[in-house]
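Some notes on the structure that comes next.
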Amino acid sequence: MKRLLALFVLMALAAPALGQQKVEITSDLFTVDETSHNAVFTGNVVVIHPSVKVWADKVVAVYGAGGATDIESFVATGAVRLETEEQTATGEKAVFTPADQMLRLTGNVQVVNASGTVAAGELMVNLATNVSTFTSAGSQGRVTGVFTSQ
């Protein structure tokens, strides 16, 4: 479940840079800062990819000297929601770094699908090793999973 979510997020955010599939991004404001190598979408941001839809208050893509094909990180903040056909994940911040293939979702994380719900302070997904870890980091509670037998 967690790897699938991370893969969809990776595809949604990296696809524009890699030219793989059409991705539509809408926002109230779009700013590109060539000096700091930031592309910033602000206000009611919606990223639509064939496999995933992402909502956030703000999305920042940081790119290197190679431009749009040299993405260093993607950061979505504020009421982040990631939705696929099979599941939904929410949190306050999502960070993906292509160099180490890590996705980190933080701030009242909740992942819901037909099998159940997992709530945590943080979700770390290593796409290189296919290891996903929910932790209580940054929250007052513990990791909680409620599952339905099929």
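Name the single residue, out of those in segment 107-120 being under 16 Å from the mean Cα position of the chain (by Cα) and crowded, with 21+ Cβ neighbours inside 10 Å, that is farthest from TRP55 (Cα to Cα).
Here the answer is ALA120.
State which residue is nearest to ASP70 (Cα to Cα) when the search covers only segment 26-59 and only residues that are charged (D, E, K, R) and part of a loop (DSSP other than H, G, I, E, B). Can you show your working first?
Step one: list which residues in segment 26-59 are charged (D, E, K, R), which gives 28, 33-34, 53, 57-58.
Imposing the further condition that a residue be part of a loop (DSSP other than H, G, I, E, B) reduces the set to 28, 34.
Values: ASP28: 25, GLU34: 13 Å.
It comes out as GLU34.
Return the only residue of THR88, THR84 being polar (S, T, N, Q) and modelled with pLDDT of 90 or more. It would help to see each step written out before you state the result.
On the way: THR84 fails: modelled with pLDDT of 90 or more.
The match here is THR88.
For segment 120-138, indicate whether the set of residues that are aromatic (Phe, Trp, Tyr) and in contact with a Phe, Trp or Tyr (Cβ under 8 Å, 6 or more places away or on another chain) is non-empty.
Taking every residue of segment 120-138 in turn, none turns out to be aromatic (Phe, Trp, Tyr) and in contact with a Phe, Trp or Tyr (Cβ under 8 Å, 6 or more places away or on another chain).
Looking at segment 141-150, which of its residues are small (Gly, Ala, Ser) and surrounded by 12 or more Cβ atoms within 10 Å (Cβ to Cβ)?
Taking segment 141-150 and keeping what is small (Gly, Ala, Ser), we get 141, 145, 149.
Within segment 141-150, GLY145 is the sole residue that qualifies.
For THR69, only one of the following conditions fails: (1) of a type in the set (Val, Ile, Thr); (2) surrounded by fewer than 16 Cβ atoms within 10 Å (Cβ to Cβ); (3) at pLDDT 80 or above. What is its number?
Result: THR69 fails condition (3) only.
Only residues that are in a strand (DSSP E or B) and crowded, with 17+ Cβ neighbours inside 10 Å: list them for segment 127-140, please.
Step one: of segment 127-140, the residues in a strand (DSSP E or B) are 131-135.
Within segment 127-140, SER132, PHE134 meet the criteria.
Give segment 90-110 a look and list any residue that's over 17 Å from GLY138 (Cα atoms), aliphatic (A, V, I, L, M) and assigned to a strand (DSSP E or B), or say none.
Residue satisfying the conditions is MET102 alone.
Need the failing condition index for ASP100 against (1) surrounded by fewer than 17 Cβ atoms within 10 Å (Cβ to Cβ); (2) over 11 Å from the mean Cα position of the chain (by Cα); (3) within 25 Å of SER27 (Cβ to Cβ), just the number.
Looking at each condition in turn, ASP100 falls short on (3).
Could you go through segment 141-150 and let me know if any residue there is at pLDDT 90 or above, among the hydrophobic types (A, V, I, L, M, F, W, C) and part of a strand (DSSP E or B).
Yes, the conditions are met somewhere in segment 141-150.
Specify which of the listed residues (VAL125, VAL111, VAL118) is farther than 17 Å from VAL40 by Cα and at pLDDT below 90. Reasoning before the result, please.
Details: VAL111 fails: at pLDDT below 90; VAL118 fails: at pLDDT below 90.
From the options VAL125, VAL111, VAL118, the qualifying one is VAL125.
The values are calculated or read from the model by the stated rules, or taken from the named source; none is laboratory data. Given the structure is predicted, the values throughout are model-derived calculations rather than measurements. Because the Cβ atoms are built from the backbone with ideal geometry, glycine has one as well, and the counts that use them run over all protein chains shown.
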